[in-house]
1. For the chain, with only Lys/Arg (+1) and Asp/Glu (-1) charged at the beta-carbon, what is the dipole magnitude about the Cα centre, in debye rounded to 20?
2. Among the lysines, select those whose C-alpha is under 19 Å from the C-alpha of K219, and discard any that sit fewer than 8 residues away in the same chain.
3. Can you check what the Kirkwood hydrodynamic radius comes to for region 263-333, Cα pairs only, in Å to one decimal?
4. Could you list, in their original order, any pairs among K83/K234; K318/K392; K216/K391; K234/K321; K398/K467; K198/K467 whose Cα atoms are separated by more than 31 Å?
5. About its Cα centre, what dipole magnitude does region 264-309 give when the only charges are +1 on Lys and Arg Cβ and -1 on Asp and Glu Cβ, stated in debye to the nearest 20?
6. Please figure out what share of the DSSP beta bridges in the chain is antiparallel and state it in percent, rounded to the nearest 5.
7. Relative contact order of the chain: what whole-number percent is it, with Cα pairs under 8 angstrom and at least 6 residues apart?
8. Pop out the ³J(HN,Hα) list for region 291-302 in order, Karplus 6.51 cos²θ - 1.76 cosθ + 1.60 with θ = phi - 60°, rounded to Hz; leave Gly and Pro as x.
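Coordinate-derived values only; no laboratory data. Quick caveat, the model's predicted, so the values are computed rather than measured. Positions of Cβ are generated from backbone atoms using ideal geometry, with glycine treated the same way; all protein chains shown enter the neighbour counts.
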Amino acid sequence: MSTTIVEKLKKEIASLESEAMKEEIGIVTAVGDGIAEIDGLKGAKMMEMVSFETADGKSLKDALDESGELFGLVLNLEEDSVKVVVLGNAAAIREGMRVKSTGRLLSIPVGEAIVGRVVNPLGEPIDGLGAVKTDAEMPIERVAYGVMDRSSVNEPIHTGIKAIDSMIPIGRGQRELIIGDRGTGKTTIAIDTIINQKYEPEDKRPICIYVAIGQKRSKTASLMAKLEAAGAMKYTTIVATSASEASPLLFIAPFAGAAIGEYFMQKGRDVLVVFDDLSKHAVAYRQLSLLLRRPPGREAYPGDIFYLHSRLLERSAKLSKELGGGSLTALPIIETQEGDISAYIPTNVISITDGQIFLEGDLFNKGVRPAINVGNSVSRVGSSAQTKAMKKVSGKIKLELAQFRELEAFMQFSSDLDADTKARIDNGRKYVELLKQDQNAPVPFFKQAIAIYAANNGIFEGTTPEKVRDIETGFLSFVERSDKSVFDQLEKGRELTDEIVAKIDALIKGFKEANSQFYGQ
Ligand code: ATP
Ligand code: MG
């Protein structure tokens, strides 16, 4: 008796489900500003894709220039209608058009072949190099991995930037914010990090994804040329949107980047994603929300912008062994106004990330480039992933620079200072010099470790801060010429063993003897 009731109920549920699966047809009742209001899509879901058709059900092929379909994205579910944003040429939409629900959340096609390409947030190539062969569809938004699916961050991602790798180390699977005013070198840090991955052995090299959100086309083009010239484009995908594009595309761009990243992460690969930048993303979302007539909140941003960004960044992860051990590291970028990090979007993203790299206009203008404010920058999880070699040398440099910051204020009274304080300030200045670095010239970690070790062990004793950078380059090429095994051993073993330390000590001595021009007043 009871089994028949269960059977009956099961059948009923099945028929209800198939009813829900049936595609629904709605009608456009209003359209404007890239938003269409649609009646009749009762079963529509948030972030679902809907497809526009002409009134008689034909595809929009003739109405459009390129692709045959025109999609909309459901963003507002209202009592008896839904609002969708048009992903593409909204001018082709007319009142009375038919809209078909697809039952699919917005996803983009992905495949191995997407590496090395420039695509738009819908995964369509825009580099003129033909179609991308794809083998999977990745949803643009998805629930992030839970705690049980993750393992702790235990491998470094080397940026090639001395100040970061030594003092603000980043681990694979971490979210590290790059924050600073306009033109302080934010993008350069991200790009140099991508370039630096070419020094990684091929099996460890992360796939890099650079998401340009509302950047000038010329900027994205020159950035791609830089990556190309450095040989970094072969492991990089660029998801590009420009300032002239409609806000819906800008809105989905970082999610598309994350989706591409997840495709590779699920295959057990390491991935690095740069979101350049989330300030422009927030503005695009604000625009979109105002068009959707959502009530504005603080600084006129929609109230859910925090959750939007936290959902996005929560997707970076280091997966457990059982899930293949892949990782997704995120470098979101935020632009501040006059260094004001207490504005709404900066505070949000600071609280969502595992640390931040602060860039300062003052430092930049003083010639301290990269303009990283080491005192205010932190990395909360990366140090457990730092190589032993780096860990060993970083303690002293941190201490020296902290002391230097305290004493810096007294520098203007330098004539009245005692010899000890003077020496400390001088020493600090040498470390500041050591951390300066040209753009697009990332330094592999083993060279960084050797240079910092040498600094900690007297290579700059008896010289002036002005000569530090020459000595550093001179010493590294001296090591390469005299005993390249030091490089090789350190690169492989990632540890400053007693044997290597003894070799470097001897090399420091040899270098100082052979290069008296740098030393003595
Ligand atoms: P925006 O706010 O416009 O996006 P940004 O903060 O991303 O700027 P970048 O575009 O990376 O800054 O850099 C600004 C300028 O500073 C560029 O002209 C770049 O070439 C220069 N620059 C960046 N880093 C360095 C460096 N380490 N040494 C010398 N010049 C640098
Ligand atoms: Mg930039």
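1. On the way: 65 positive and 73 negative charges, 167 e Å.
Roughly 800 debye for the chain.
2. Result set, ordered by chain and number: K186, K280.
3. Details: mean 1/r = 0.0731 Å⁻¹.
Mean inverse Cα-Cα distance, inverted, gives 13.7 Å.
4. Working: K83/K234 40 Å; K318/K392 25 Å; K216/K391 39 Å; K234/K321 27 Å; K398/K467 21 Å; K198/K467 29 Å.
Distance filter (> 31 Å) returns K83/K234; K216/K391.
5. Numbers: 7 positive and 5 negative charges, 39 e Å.
About 180 debye.
6. Details: 40 of 67 bridges.
Looking only at bridges with both residues in the chain, the antiparallel portion is about 60 percent.
7. On the way: 985 pairs, mean separation 75.4, N = 521.
Contact order relative to length: 14 percent.
8. Those phi angles translate into 5, 7, 6, 8, x, x, x, 4, 6, 6, 7, x Hz.
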